[in-house]
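The values are calculated or read from the model by the stated rules, or taken from the named source; none is laboratory data. These figures come from a predicted structure and were not determined experimentally. Cβ atoms come from the backbone with ideal geometry, glycine included; neighbour counts cover every protein chain shown. The accessibility values were calculated without ligands, DNA or RNA, using every heavy atom of the protein model including side chains. Shrake-Rupley method; radii C 1.70, N 1.55, O 1.52, S 1.80 Å.
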Amino acid sequence: MSGNAGKANIGVVGLAVMGSNLARNLASREGNTVAILNRSYEKTQKLLDEHPEAGFLPARDYEEFAATLAKPRTAIIMVKAGRGTDAVIDELVRVFEPGDIIVDGGNALFTDTIRREKAVRETGINFVGAGISGGEEGALNGPSIMPGGSAEAWQTLGPILRSIAAVAEGEPCVTHVGTDGAGHFVKMIHNGIEYADMQLIAEAYDLIRRGTGKSPAEIADIFAEWNRGELESYLIEITAEVLRQTDPATGEPLVDVILDQAGAKGTGAWTVQTALDLGVPVSGIAEAVFARSLSSKPAQRAAAAELPGPDGTFDIHDADAFVEDVRQALYASKIIAYSQGFDAIVAGAEQYGWDIKKGDIAAIWRGGCIIRAQFLNRITEAYAADPGLVALVTAPYFADAVTRTQQAWRRVVVAAAEAGIPSPAFSSSLAYYDGLRADRLPAALVQGQRDFFGAHTYKRIDREGTFHTLWSGDRSEVSAVDTH
Ligand code: NBP
């Protein structure tokens, strides 16, 4: 291996915010020498100037980049997902050799990753789609990493990714998720859960504020308190900080001067679109995505502003009791969001042939990523106790939690509906829970309607077979036909 002397063991292509931080993280770990390349050299030069301590090996073009890397070459792409990713892959395939490894660390759609892996594999080069969560700070100090790709690539890549990942309770937050697009699929579901978690927290804030009249700073204290209990999580922690912030220009709470139109970069929508294709009800995630869409329709909101309804005020006698109800409703709804997210992972794994260890996924989300939370340990434990668990919410710990919290959950949903305060994620989570546990659903009537207008047939509760009724206004002419 003397040809590898003085060379880099890992390279990064794309040196914007995420790539430059990831490159610095890699360079800070013992044993790593990092080659860097960016389409325009300015970013490379800036990184070299600002971080001489990192000992980067810069390259101006792909040939130089390949020559700088020890074999088998390993490079992580951190460019804007989409056409840029394809362009960089084409260049790397041109200069790399069989056995080398290309990692896409961007937010690629998992079906793109499946396509790319298939195409790159034909050249003998390994392609790994790796979901990386944690934003700018995570990239620098330790993200949660969800790599897909082949077991062979994982042999080389595993130690490098373990060296830069966040650490939770002594364990690096990275695991080989599964083949081809499995890593990006799981990252997508992570982001979907993140949408639901954020929306639930926002609804909790809104209900407390309108219900009790507390100020954002007072509600910040409540969130800080919640962060010491079973809701402990990064998102609860940062919510307290956001609510505590004052706007220097006006002296108002910053949250009151921020325009109430939420943006999105698409991974929440991908989760919902994918779940629709897989037939998995991720209603909490969907409501969170739709709530952002609704918020960003100023013309419709202005046109509807005068429509009648309650004015959003409550008649609350015991503010502390109401706050505790909201906390419990948040916890119950959060359990539903995660349960739905893991249902989507199970369905995706089945559809695409991935052997995904659900407990391991919860474990690598404990650190580095946006949804990091204490309660992920409980998910790992639930899947360890029963790897074939059909729904997370039915695991003993979570079933106990929803049993304990559901009266408060119902009170909050009722109060929100009566006061005219939108709580789509709280209420849809409760509707999902009640739907799941229902002894009998009105789906029977839907089947009857479908058979009426489209002869779609139905099954019976008392006999095997498939049936179609010759529907008629005259009951005497109704007859059942066994089409079995
Ligand atoms: P951007 O998504 O803003 O992309 C900018 C980088 O892409 C620059 O290095 C740019 O080169 C390069 N690039 C583009 Br644009 N088109 C290219 C092309 N055709 N060929 C080569 N390079 C090209 O960077 P970012 O915000 O650092 O994000 C990088 C990736 O990480 C993205 O996929 C993003 O979705 C993901 N991300 C993840 C998180 C997270 O929390 N996990 C957060 C933010 C972003 P140039 O300098 O020459 O223009």
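Here are the numbers for the structure shown:
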read-out	value
Residue under evaluation ALA67, criteria (1) within 16 Å of the ligand (Cβ to nearest atom); (2) assigned to a helix (DSSP H, G or I), criterion not met	(1)
Restricting segment 38-64 to residues that are aliphatic (A, V, I, L, M) and outside any loop (DSSP other than H, G, I, E, B), the residue that is surrounded by the most Cβ atoms within 10 Å (Cβ to Cβ)	LEU47
Segment 211-229, subset modelled with pLDDT under 95 and surrounded by 14 or more Cβ atoms within 10 Å (Cβ to Cβ), residue nearest to SER296 (Cα to Cα)	GLY211
Subset of segment 381-432 (residues that are hydroxyl-bearing (Ser, Thr, Tyr) and within 18 Å of GLN340 (Cβ to Cβ))	TYR383, THR394, TYR397, THR405, SER423, SER427, SER428, SER429, TYR432
Failed item in (1) in contact (Cβ under 8 Å) with a residue 60 or more places away in the chain; (2) farther than 19 Å from VAL272 by Cα; (3) open to solvent by 10 Å² or more (accessible area, probe 1.4 Å), with ALA349 passing the rest	(2)
Test: residue in segment 135-156 that is closer than 30 Å to PHE314 by Cβ and touching a Cys at 6+ places or on another chain (Cβ under 9 Å)	no
Output for segment 21-37, where each listed residue is polar (S, T, N, Q) and either part of a strand (DSSP E or B) or open to solvent by less than 80 Å² (accessible area, probe 1.4 Å) (or both)	ASN21, ASN25, ASN32, THR33
Subset of segment 26-50 [in contact with a Ser or Thr (Cβ under 9 Å, 6 or more places away or on another chain), farther than 15 Å from THR74 by Cβ and within 16 Å of the ligand (Cβ to nearest atom)]	ASN38, LYS43, LYS46, LEU47, GLU50
The lone exception for ALA166 - which of (1) of a type in the set (A, V, I, L, M); (2) under 18 Å from ILE36 (Cβ atoms); (3) in contact with a Cys (Cβ under 8 Å, 6 or more places away or on another chain) it fails	(2)
Segment 169-202, subset of a type in the set (Ser, Thr, Tyr) and more than 25 Å from THR33 (Cα to Cα), residue surrounded by the fewest Cβ atoms within 10 Å (Cβ to Cβ)	THR179
Contacts under 6 angstrom Cβ, first residue in segment 4-25 being over 15 Å from VAL88 (Cβ atoms) and more than 9 Å from the ligand (Cβ to nearest atom), partner small (Gly, Ala, Ser) and at pLDDT 95 or above, 6 or more apart	ASN4/ALA70; LYS7/ALA70; ALA8/ALA35; ASN9/ALA70; ARG24/ALA54
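Quick grid of which residues meet (1) modelled with pLDDT under 95; (2) under 21 Å from the mean Cα position of the chain (by Cα); (3) at positive phi:
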residue: GLN155; (1), (2), (3): yes, no, no
residue: ALA165; (1), (2), (3): no, yes, no
residue: HIS176; (1), (2), (3): no, yes, no
residue: GLU194; (1), (2), (3): no, yes, no
residue: ALA202; (1), (2), (3): no, yes, no
residue: TYR205; (1), (2), (3): no, no, no
